[in-house]
Amino acid sequence: MTTQPTDTGMSRRSFLRASTVLSAGVAAVAAGLAPLRKLGEVGSVDEFLQKYYKELSPEEMKRVLARIEDEVQRQYGVRPHVRDYKPMNGVEFVYALNLTRCVGCRKCVHACVAENNQSRNPEIQYIRVLKLPNDGTFDMDKADHNYQPTSVPEPGFFYMPVQCHQCKNPPCVKVCPVKATWQEADGITVVDYNWCIGCRYCEAACPYFARRFNFTTPSIPKEDINTNMSYLGNRPRYKGVMEKCHFCTQRTRAGRYPACVEVCPTGSRKFGNILDPDSEVSYILRHKRVYVLKAELGTLPRFFYYFDV
Amino acid sequence: MRNYLRFLWRCAGVAFVGDWRYYAWVGTLTALVIVGLNAYAKQFVAGLEITGMSDQVSWGVYIANFTFLVGMAAAAVMLVIPVYIYKNEDLHDLVIFGELLAVAAILMCLAFVTVDLGRPDRFWHLIPGIGVFHFPGSMLSWDVLVLNGYLVLNIYICGYLLFCRYNNRKPATWFYIPFVFVAIFWAISIHTVTAFLYVGLGGRPFWNSSIVGPRFLASAFTAGPAFIILALQVIRWATATGMHDPQHPHEPPGEAPRAKVKRAANPGDLERLAVHLPELETVSADERRACLEGATLLEAAPGEVLLRQGETNKEAFFVVSGRVVVRREEKGRIRTTRNVGPGEQFGEVSAIAGTPRAATAFAAAPTEVICLPEESLRRLMRSPKLEEIITWRMGERLMMSDRSLLILRSIVQVSMIINVFLLANEIFSEFYNSNSHDVSWRYLILGLNGRHALVPWFWTAMALNITAMVILMLPLSRRFKWLNAACIMCIFGIWIEKGMGLVVPGFIPSPLGEMVEYQPTMNETFVCIGIWAFGLLCFTVFLRMAVPILQGELVRANES
């Protein structure tokens, strides 16, 4: 064969041509990546390399909490107190909600947002109140999610607040590929906001629409920050991670009621330790007619609806 | 090892060489990749907020494309099965193309999953050993394993086969056949596992149906081979006009002179051949002498023709020295099918089958060739080793024949019928007995409560799939114009069916009955286009490397 094989031996001309093309390519890629300049503050190396919650030693946890306090102060201008509240021994939390009494005022929704440092813009809410017609169907597809009444309750309807059911058999925990969400000894399913990769598989798995994703960086006005924070609870979240109702771990693990229970004007919301036979929730489960939402899915919620009559 | 690095280096080098069409195609794809990169950079800064996704519809076109492409990757196996299990030689080289497509498709899958992550910087949490891997609990962790495993398997198999071809060595059975069989099961597993991602969610009745897995396989085995049918024709078209060797000066030797017979072949010529064809040693001296009866030694100057397409004569040729190019004229276009070096044979297929010469062979350098009558070839092939090597080489040819495309056609045909049948089953069971499970289906097919964003998508997919199915069932789809139209319809129809028709409606209405619709945003669309361009770019480059190796143009023998 008289010709050169096409691929071997690079002449000077082809080298020059190749390097021109290459540098043009690099320039084009750089131009393409230009939006990254607006990235702003990038997380620290410590944040990037932070270990999984369950693998942190107490000393490491202390450092992590201090770092998070710094982060919050830098971002929101308020010094918070971040603690790692642990489950209490002999406690399993259960929630009971009286459907006969609930008037759909949504005070719980807003108290929850304020307590748990949820993003205000876009606003993230853990509790969704459904307005359902009193027509004997109990059909979710007839639910009104966006009712805007001048006063509640409206005749002909009843209200059904839905939030995380803290399932005993949680589908969200089962599907998480990195175990960033798990069930604690007191029955609360929590999220490690520093471990979640943001795949949103748990959100697809949840039958109660209980999980919320940070589609962008959350924003909370400085004066609205609740400085009593817990690591697995209400500390501010990051862009791109999942969050959910955690029964106000920063309150309930310190012996207080969740914000939604405290604020409810009708006393529809009951909360307590199911392992204590004298607790209010134990009494309700023993004596009231109870309804479990989507019981057929076998998720075994720790959240019960009950009726007065 | 050095040999292997040299092989990789030359493969990489060849990817940068081509004619203007190649540069135009690669350039366009690169530009689109950069557009996608730009859109992704914007998303990286703003968050997934700039997609159309929401808490209600938390997966969109990214996961839709991912699901579709897992199917494309799995479908490569449809080419492997006939070749390795049924020994259908027609599809032999196509296996490598299919597996290269699988590699490109998996790369796209990984890209689509990555852009869907809220925290791509934390991907290391998924790496077993370093992060926390929820296996076997989470189906997503299964998917991570099977997809990456499939990627490695396919890279290994293609790489090994091409490397052997490059060295003109027969692949050692134990080095790849076990992997091929593993890959077959693995391919089915990647798609089944992906289906289980959805099927496993009890809270989503639209997905929680056992027929979704079989439907995934059926649609994958429709869209994958349909894509390969189109890709092969593009390769055929591109190689026909010499896309990969712009500097080839040899015009098709229309009136070129014929090579002259130098003399009768003698045992010394066979000795010289045996240097390049050691298997010849297994033939006894008596047999070899018998072979030489009627054999001649031809001497050809560059450009001289050794045999011409269309002739009928029954000799086989073995190259002793020099190089022979085999070119085939098809529908007015000329395509190099082989580059034959010392120790290799040509013309043996028509010698054995008695068919007219399928191609023209001419010398590309001063060449010596032993010309054996049919009788002698059969005598040589009585040696099992020699028979093996000769038939292996017959099989290794780049055969993108019409026949192989038609075999693929029947795969697409059957799969599409099964796919439509399974879909009909699903729709019947949902609609005949109206219950709460059918709300998403109603929304998808008819619209619900005045919302019908997905209705046009669904009916477009149905129209495409059913038209394609009808065309494929008619004999007219043996004509390529119709076949190609049907293939394009299959690919788009199934892309919609599995994407906007499966991923999105699973979220609508939400588990609490809320109707929130989903439309991809511009930025999201650009990211998708970028990833598709990236995948096509990978596939193009892979083919650019593989085709010359399969044609024998890029071989160890011509290393400089």
### Message
Run the helix sum for the protein assembly as shown: -39,500 (n - 2.57) per DSSP H stretch of 4+ residues, divided by residue count, reported at 222 nm to the nearest 500 deg cm²/dmol.
### Response
-15000 deg cm²/dmol
### Whether the range B:311-367 is rounded, prolate or oblate, judged on the alpha carbon gyration tensor where a/c under 1.5 counts as rounded
oblate
### Message
Return the unpartnered cysteines for chain A, using a Cβ-Cβ cut-off of under 4.7 Å.
### Response
A:Cys102, A:Cys105, A:Cys112, A:Cys167, A:Cys176, A:Cys196, A:Cys199, A:Cys206, A:Cys248, A:Cys264
#### Entry: Relative contact order (%) - the range B:260-391, alpha-carbon pairs under 8 angstrom, separation at least six
34
### Task
Would you grab the residues whose amide H sits under 5 Å from the one on B:Ser321? Only those 5+ places off in sequence or on another chain, please, with H modelled 1.01 Å from N.
B:Glu368
### Summary
So the FRET efficiency between A:Arg256 and A:Asp278, C-beta based with R0 = 22 Å and rounded to 0.05, is 0.75
### Task
Treating cross-link reach as a plain straight distance, find the lysines whose alpha-carbon is under 25 Å from the alpha-carbon of A:Lys270, omitting any fewer than eight places away in the same chain.
A:Lys86, A:Lys107, A:Lys131, A:Lys168, A:Lys244, A:Lys288, A:Lys294
### Task
Please average, across the residues of A:210-222, the number of beta carbons from any other chain that are within 10 Å of each residue's own beta carbon, and give a whole number.
3
### Task
Apply the Karplus parameterisation 6.51 cos²θ - 1.76 cosθ + 1.60, with θ equal to phi minus 60°, to every residue of the range A:24-41 and state each ³J(HN,Hα) to the nearest whole Hz, in sequence, with x for glycine and proline.
4, x, 4, 4, 5, 4, 4, 5, x, 8, 3, x, 4, 5, 7, 4, x, 6
### Query
Thinking of the range B:260-391 as a set of Cα atoms, what percent of all their pairs are more than 20 Å apart?
40
### Summary
Residue by residue through the range A:264-270, the couplings from Karplus 6.51 cos²θ - 1.76 cosθ + 1.60 with θ = phi - 60°, in Hz, x for Gly and Pro, are 4, x, 9, x, 6, 9, 10
### Message
Taking beta carbons within 10 Å but only from partner chains, what does the mean come to for residues A:232-240?
### Response
2
### Task
Between A:Asn89 and A:Asp224, with labels modelled 7 Å along Cα→Cβ, what's the label distance in nm to one decimal, could you check?
4.1
### Kirkwood-Stokes translational diffusion coefficient of the protein assembly as shown, alpha-carbon pairs, 37 °C, 0.692 mPa s, µm²/s
106
### Task
Using Cα pairs closer than 8 Å and at least 6 residues apart in sequence, work out the relative contact order for chain A, in percent.
25
### Query
Which distance in Å, rounded to a whole number, links the C-alpha centroids of the range B:410-434 and the range A:21-52?
46
### Message
Expected output is a single nm value to one decimal: the length gained when fully extending between B:Glu559 and B:Ile488, i.e. 0.36 nm times separation in residues minus the C-alpha distance. What is it?
### Response
21.5 nm
### Message
At 0.36 nm per residue, and after removing the present C-alpha to C-alpha distance, how many nm does the segment from B:Lys260 to B:Tyr4 gain when stretched out fully?
### Response
88.2 nm
### Query
Counting other C-beta atoms within 10 Å, which of B:Met522, A:Met61 has the fewest, and how do the rest follow?
B:Met522, A:Met61
### Task
Excluding residues fewer than 8 places away in the same chain, name every one of the lysines whose C-alpha is closer than 25 Å to that of B:Lys481.
B:Lys331
### Query
What average count of beta carbons from other chains do you get within 10 Å of the Cβ of residues in A:188-201?
5
#### Entry: Per-residue ³J(HN,Hα) for the range B:94-111, Karplus 6.51 cos²θ - 1.76 cosθ + 1.60, θ = phi - 60°, Hz, x for Gly and Pro
5, 4, 5, 4, x, 6, 5, 4, 4, 4, 4, 5, 5, 4, 5, 4, 4, 5
#### Entry: Cβ crowding within 10 Å averaged over residues, with A:115-121, B:321-327, A:253-259 ranked highest first
B:321-327, A:115-121, A:253-259
### Query
What does the convex hull of the alpha-carbon atoms of the range A:167-309 project to on average, in nm²?
9.9
### Task
Would you mind classifying the range B:348-462 by shape? Square roots of the alpha carbon gyration tensor eigenvalues, ordered a ≥ b ≥ c; an a/c under 1.5 is rounded, otherwise it is prolate if a/b is larger than b/c and oblate if not.
prolate
### Message
Please list, short to long, the whole-number percent of alpha-carbon pairs of chain B in consecutive 20 angstrom bins beginning at zero.
### Response
19, 48, 25, 8, 0
### Query
For the range A:217-279, what relative contact order do you get, as a whole percent, if you take Cα pairs closer than 8 Å and at least 6 residues apart?
22
### Task
Compute the FRET efficiency between B:Glu329 and B:Val182 as 1/(1 + (r/R0)^6), taking r as their Cβ-Cβ distance and R0 = 56 Å, and round to the nearest 0.05.
0.85
### Query
In straight Cα distance, which aspartates and glutamates are under 13 Å from A:Lys174, not counting same-chain residues fewer than 8 positions off?
A:Glu203
### Query
What list do you get for A:His145, A:His246 if you sort them by fewest beta carbons within 10 Å?
A:His145, A:His246
### Task
Compute the separation of the alpha-carbon centres of the range B:219-234 and the range B:101-133 and state it in Å as a whole number.
26
### Task
Would you mind estimating how fast the range B:1-132 diffuses translationally, via Stokes-Einstein at 10 °C and 1.306 mPa s with the Kirkwood radius over Cα pairs, in µm²/s?
87
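Quick note: the coordinates plus some simple rules give every number you see, no bench work behind them. Just so we're clear, the structure is a prediction, and the values are computed from it rather than from any experiment. Here the Cβ is made from the backbone with ideal geometry for all residues, glycine too, and neighbour counts use every protein chain on show.
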